Amino acid sequence: MASRYALLVSPSANRVYAAAAPRLTVAELGVLGETALDDRLGDAIVEEIAGVEYVTFAGDLKEDDLAHLANVSTAFALFERVGDDTFRPVPLRRLDCLDDDLLTILKYQGKTQELFTKLLLNVTVLSSCSAGRMLTGRLRVLDPLCGRGTTLNQALMYGWHASGLDVDERDFDAYAAFLPRWLKDKRIKHTAQTSRLRRDGSTLGRRFDVRFATTKEAWAAGDVIRVSTALVDTRRAAEAFKAASFDVVVTDAPYGVQHGSASGGRLQRRPLDLLTEALPGWVRLLKPGGAVGVAVNVRTCPRAEALAALADAGLEPRDTPAYGGFEHRVDQAIVRDLVVGVNAV
Ligand SMILES: C[S@@+](CC[C@H](N)C(=O)[O-])C[C@H]1O[C@@H](n2cnc3c(N)ncnc32)[C@H](O)[C@@H]1O
């Protein structure tokens, strides 16, 4: 018989995101239910119990299903509901293999909210044919508009390989300074180097490479996690990395507004144009069965047009009702949504 569960959503430092988080969790559970959990998860709802909001659902769940639930972006605590008013705690087996300040130390304008970044990574991986390897594999993640590395750091938290591209030199330098310093502070064995990125005899940009291992034994055995970023225009992504080498491409696209502008934002070049120009290169870097997940500001990049751009690049857009539940307000100039497309196997 199906058990009943109540999931307590992480309190977020960001009040606007905290208000949207239970509803976004319902959508994330919807995608989890129709992918890795193979319909073993009933519909989730937001429910107030004793004055506190929970996301509740029923399901006939196996151990691995509970491990997937532990990695839901907002999962703070999970309870099995026994009878009318008893909550039995369910241990959360998270993938996290590093301290979580990796994601929270850097604070800067334009940073993508950490819980939303985790949600976007989760939903994209679940949509790909690597969903079954999520709990055990070492996936390869590319963020082709990586800024100062929020997606990369979330991938590293999961113990996965991470690569990124950005055209902003300050972002590239900030991440290249931050990661080795953080690893050193945590006494984690690593190597780091920056070099020129050369293609066909000319310089394409700069690159930054890190290798580290979470234990001394893993380091000695050569079981390392690799991070690489490149200072390159994302429209040249296919020249910076090896073709068909990433399980997922996950990114938060430019919002088309000037960050920090209180008066509604000044428009930059159209984000949809960048997406349309860059997607063919990103798809070339994707393995068969891989997925692309992109966060967009629907005010400057409407959902239908973003889905059409994915389809034009040869991907199969995912658009079931669960995928339609991610739109949320960030500020007066930004209403954020996400779109996902899957590469043919
Ligand atoms: C929304 S921000 C991503 C923020 C990132 N997720 C973080 O938390 O640091 C979008 C990024 O796209 C980058 N970008 C914009 N146009 C680009 C291009 N043509 N090539 C590479 N990067 C670009 C910007 O420099 C910016 O860092």
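The values are calculated or read from the model by the stated rules, or taken from the named source; none is laboratory data. Fair warning: this is a prediction, and the values are worked out from it, not measured in the lab. Cβ: placed from backbone, ideal geometry, glycine included. Neighbour counts: every protein chain shown. Only protein heavy atoms, including side chains, enter the accessible area calculation; ligands, DNA and RNA are left aside. Shrake-Rupley method; radii C 1.70, N 1.55, O 1.52, S 1.80 Å.
To make sure I understand the rule: partners must be lysines, Cα under 23 Å from the Cα of residue 287, and not fewer than 8 residues away in the same chain. Which ones qualify? Within reach: 118, 242.
Counting only heavy atoms of the protein chains and using a 1.4 Å probe, residue 97 has close to 50 Å² of accessible surface.
If you run the Gaussian network model on the chain, springs between alpha carbon atoms under 10 Å, then out of 15, 133, 270 the most flexible one is 15.
About its Cα centre, what dipole magnitude does the chain give when the only charges are +1 on Lys and Arg Cβ and -1 on Asp and Glu Cβ, stated in debye to the nearest 20?
On the way: 43 positive and 44 negative charges, 307 e Å.
The calculation lands at about 1480 debye.
Rounded to the nearest Hz, the phi-derived 3J(HN,Hα) couplings of the range 274-285 under the Karplus curve 6.51 cos²θ - 1.76 cosθ + 1.60 (θ = phi - 60°) are 4, 4, 4, 6, 8, 4, x, x, 4, 5, 4, 7, where x marks glycine and proline.
Computed on protein heavy atoms with a 1.4 Å probe, the accessible areas place 189, 242 in the order 242, 189, largest first. Highest mobility in the GNM of the chain, judged by mean-square fluctuation with C-alpha springs under 10 Å and restricted to 251, 194, 215, is found for 215.
Positive-end ranking of 174, 249, 128 along the dipole of the chain, with charges on Cβ about the Cα centre, is headed by 174. Full extension of the chain between residue 320 and residue 136 gives 63.5 nm of extra length, using 0.36 nm per residue less the Cα-Cα distance.
Name the residue, out of 334, 225, 105, whose mean-square fluctuation peaks in a Gaussian network model built on the chain with Cα pairs under 10 Å. Among 334, 225, 105, the largest mean-square fluctuation in the Gaussian network model of the chain belongs to 105. With contributions of -39500 (n - 2.57) from each DSSP H run of at least four residues, the per-residue ellipticity at 222 nm computed over the chain stands at -9000 deg cm²/dmol.
Rolling a 1.4 Å probe over the protein chains gives residue 219 an accessible area of about 70 Å².
Taking every protein chain into account, the 1.4 Å probe leaves residue 10 with about 20 Å² of accessible area, to the nearest ten.
At a probe radius of 1.4 angstrom, the accessible area of the range 3-90 per residue rounds to 48 square angstrom. May I ask you to list the lysines whose Cα is less than 19 Å away from that of residue 184, ignoring any residue fewer than eight positions away on the same chain? Candidates past the 8-residue exclusion: 216. Full extension of the chain segment joining residue 111 with residue 327 gains 75.9 nm, where the gain is 0.36 nm per residue of separation less the Cα-Cα distance. Solvent-accessible area of the chain (1.4 angstrom probe, protein heavy atoms only): carbon and sulfur portion equals 48 percent. When the P(r) of the chain is calculated, the portion above 25 Å amounts to 52% of the C-alpha pairs.
Could you do me a favour and compute the accessible area per residue for the range 101-342, 1.4 Å probe, result in Å²? All intermediate terms of the calculation are to be shown ahead of the outcome.
Details: 10130 Å² over 242 residues.
That works out to 42 Å² for each residue.
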